[in-house]
């Protein structure tokens, strides 16, 4: 998100774009500067957690001769998405509501090569003494009904600014390349509005694909472990 934008116009556009809301909440517009500062803080929190993940990846690439993390993506939730989510949760559309009730304003997605890398990276991240775990949702062991798989963490990390230390929350989603591929396509297809009665059958097909992808992930892990075992045998 470009935090150099005009926050007043962005907030007004966000609020009036939602059905059933006819007035821009004055409190939110008056707090536009504070909102912009909060978004900056969330961006800094992302930077802190990304740095931790990048350090872990560099260390493990030397120790294990491979990178467990293929890619790290990040985003700060857009004002429209923030307003929509507060509205959906029947919460006041205010800065305080965003800070106190939304845990995913700052988001990081970590793409790993193998399923065991997901748990290893998560374990090493949360073991750091300045990381506080707020919530964990394991959608790999317990997939959603539609087949979605990923490992979710809500963590709190201290960020040091010029005049204060602020504990900021960041959502971290960790998944394999295959899981990310499926989730991206599912997201695209889910928002197609012209599929009508076919929605149910398409959902069933997507669920089948998710199951096939999960099986492939498990198989790839078995192959990697077999290769590693063979290498150890050769070295001996």
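We did not get these values from a lab; they are worked out from the coordinates using the rules stated. What you are looking at is a predicted structure, and each value in this text was computed from that prediction instead of being measured. Positions of Cβ are generated from backbone atoms using ideal geometry, with glycine treated the same way; all protein chains shown enter the neighbour counts.
What the table shows:
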| read-out | value |
| --- | --- |
| Paramagnetic label zone (point 7 Å from Cα along Cα-to-C-beta, residue 156; backbone N under 19 Å) in segment 112-150 | 125-137 |
| Point-to-point label distance, residue 134-residue 166, nm (Cα→Cβ direction, 7 Å offset) | 1.3 |
| Förster radius 30 Å - calculated FRET efficiency between residue 99 and residue 64 (Cβ-Cβ, nearest 0.05) | 0.20 |
| Per-residue Cβ neighbour rank within 10 angstrom, fewest leading, 175, 218 | 218, 175 |
| Per-pair calculated FRET efficiency, R0 = 22 Å: residue 181 and residue 126 via Cβ, rounded to 0.05 | 0.25 |
| Protection proxy ranking of 37-43, 168-174 - average other beta-carbon atoms within 10 Å, highest first | 168-174, 37-43 |
| Inter-label distance, nm, simple model (7 Å from Cα along the C-beta direction), residue 34/residue 219 | 5.6 |
| Fewest-first ranking of 98, 179, using other Cβ atoms within 10 Å as the exposure measure | 98, 179 |
| Förster-model FRET efficiency, 25 Å R0, residue 188 and residue 55, C-beta, rounded to 0.05 | 0.15 |
| Dimensions in Å of segment 7-179 - Rg and Dmax from alpha carbons | 17.8, 58 |
| Cα centroid separation, segment 32-77 to segment 88-149 (Å) | 13 |
| Ranking of 35, 160 by count of other Cβ atoms within 10 Å, fewest first | 160, 35 |
